[in-house]
1. Read through the labelled values [x] 1.37; [y] 1.30; [z] 0.93 and report the label of the one computed as Cα Rg over 2.2 N^0.38 Å from the structure.
2. As I understand it, the value is the acute angle between the Cα axis of helix 67-79 and the longest principal axis of the Cα atoms of the chain; what does it come to in degrees, rounded to 10?
3. Which order do the peptides 39-48, 191-200, 231-240 come out in when sorted by mean C-beta neighbours inside 10 angstrom, highest first?
4. Quick one: grab the alpha carbon gyration tensor of region 271-352, order the square roots of its eigenvalues as a ≥ b ≥ c, and give me rounded if a/c is under 1.5, else prolate or oblate depending on whether a/b is larger than b/c.
5. For Val331, list long-range residues whose amide hydrogen, built 1.01 Å from N in the peptide plane, is under 5 Å from its own amide hydrogen.
6. Connecting C-alpha atoms closer than 10 Å in a GNM of the chain, tell me which of Lys86, Lys184, Lys164 has the biggest fluctuation.
7. With n ≥ 4 as the cut-off for DSSP H runs, can you work out [θ] at 222 nm for the chain, using -39500 (n - 2.57) per run divided by the number of residues, rounded to the nearest 500?
8. I need to check one value: relative contact order of the chain, counting alpha carbon pairs closer than 8 Å and at least 6 residues apart, in percent.
Amino acid sequence: MTKKATKVPKTTGNKSSKPHPITTRPDRDRRVRQNARIARVLGVLNLIQSRGRWTSKAIAEELECSERTVYRDLEVLEFSGVPYFKDHTDQTIRVRSDFRFPVLSLTDDEVFGQTVATALMQTQGLDVSKGATLTTRKLAASSGEKAQQLFEDASRLVAVLDLKLADHSRHHEVIKTVQLSLLKGKQITGQYESPYEASPVKLRLHPYRLCLIKNAWYIIARPVDEADPRTYRVTRFKTLRMLDDPANVPQDFSLRNYFGNAWAVFRGDQTYDVEVNVTPAAAKVVTETVWHQTQTVTNQKDGSVTLRFQVDGLEEILGWILSWTGRIKVVQPSKLRDLVIEKLKLALKMNQE
């Protein structure tokens with residue numbers, strides 16, 4: 001039996017500026033139960049289509065449910081058109097040997113979209129699940145000749161390279177644990193190595209969301225002894241496991257409200273109106289990308305452009321501005337301009353020694 005984690009002290013992480021009430025999620029619980037039933041029905045189908053000799057009792061033991069539940073699931077299969085029958089000689093339940101599910105009729109756009117999704121999920125940093133690849137293989141195997149050829153051509157022609165994402169190759173199990181806990185609505189616990197702590201700390205969390213931000217995966221979760229959720233980077237978890245205790249997630253929780261106008265993942269306490277001017281030589285390159293949800297672009301007569309943002313906190317946008325050193329001038333706020341000058345002076349000093 002899984003042991004309950006002990007209460008932990010406060011640790012680091014990003015706080016939301018607005019508290020969220022802790023409520024239950026009846027709709028979410030209903031969806032979880034529905035998903036569990038669908039999974040069980042498919043499990044029954046998988047068993048009776050296999051070569052094994054499955055009685056109702058054996059199925060119930062395998063799926064850890066009652067025989068009455070097995071018969072209800074068989075009724076669902078019958079209603080769905082699955083021709084199962086009971087062999088009265090040995091009381092086993094089987095599906096007619098010539099039965100096949102209807103082949104999906106996929107459009108060219110759907111085939112290409114699935115192939116693109118597979119290419120994305122094979123990219124280092126996004127390769128946290130093999131589900132897309134396996135789905136594509138199954139769809140190709142069960143499709144007509146034309147679709148099979150399109151799958152093959154699209155797989156050969158589509159590639160995703162050099163996204164410069166964080167290395168999550170050693171954290172696939174952590175991500176799977178989070179995914180499972182989110183689906184089942186369970187708490188998680190583990191060792192977290194924060195750069196702001198002298199040693200790893202033990203966390204026990206109510207997980208809210210798993211999200212990819214900029215170049216890394218993050219868990220949005222609330223420590224059991226705190227009122228507000230925080231942001232935890234997946235690669236900093238040394239261990240993680242799911243608990244039996246239910247997670248309390250506010251029904252109205254919104255990632256957009258949680259992050260506000262943060263430049264990336266850290267939401268500062270103060271909101272700033274930022275204005276920068278980009279030189280004509282760099283204007284086209286810089287404006288090819290939407291850097292922030294509040295971004296506006298104004299073209300100037302001399303070929304330069306003015307970018308405006310509204311951001312919560314200056315530390316993250318400071319790093320972005322420094323990456324365009326010599327091509328971006330800070331117009332406002334003056335505090336940001338002072339931070340840029342301070343960092344550049346420090347850089348000059350370090351590189352002149």
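Every read-out reported here was derived from the displayed coordinates using simple, explicitly stated rules and does not represent laboratory data. On a predicted model such as this, the values are computed, not experimentally measured, just so you know. Note: ideal-geometry Cβ built from the backbone for every residue, glycine included; neighbour counts use all protein chains shown.
1. [y]
2. It is inclined by approximately 80 degrees.
3. Numbers: 39-48: 17.0, 191-200: 12.0, 231-240: 19.0.
Top to bottom by mean Cβ count within 10 Å: 231-240, 39-48, 191-200.
4. Working: a/c = 1.99, a/b = 1.32, b/c = 1.51.
Judged from the Cα gyration tensor, region 271-352 comes out oblate (a/c at least 1.5, b/c at or above a/b).
5. Glu275, Val276, Asn277
6. Greatest mean-square fluctuation among the candidates belongs to Lys86.
7. On the way: 11 runs with 135 residues, N = 353.
It comes out at -12000 deg cm²/dmol, rounded to the nearest 500.
8. Working: 514 pairs, mean separation 57.4, N = 353.
With pairs under 8 Å counted, the relative contact order is 16 percent.
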